[in-house]
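Report on the following structure.
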Amino acid sequence: MPVEANAVRKARKLRVSRDQWKQRSAEKQQQIRHLRVTIRDLSSSRDHWKQHAADLEQQLLLLQAVHNTPSIAESGLCPFFGGFVTQTLQSPRD
């Protein structure tokens, strides 16, 4: 009888151990799924803000370029048929 009781006890311990292993495995899989969703959301957010920062940087460069561009009057150019011609002062001929 002790051999039979010992086998039953071992079988019960193995079943409990297997069930605990399955439970831990299921919890880890759930955590992995949760982390994958978090990674997906954070990656999407990072890409969105990276694009937003790039757009703002382009706007800043454009505004700086407009601010630093001399006006037509200061540049010595005058408009001519949709283009610009360099304005030069000519002395009157004697």
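Overview of results
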item	result
Positive minus negative residues near SER44 (Lys, Arg vs Asp, Glu; Cβ under 13 Å)	+2
Between segment 18-39 and segment 43-65, the alpha-carbon center distance in angstrom	38 Å
Fully extended contour minus Cα-Cα distance, from VAL66 to LEU14, at 0.36 nm per residue	11.0 nm
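Taken together, the values in this text are just the output of simple stated rules run on the coordinates, not laboratory data. If you're wondering where the values come from, they're calculated on a predicted model, not measured in any experiment. FYI the Cβ positions are ideal-geometry reconstructions off the backbone, even for glycines, and counts take in every protein chain you see.
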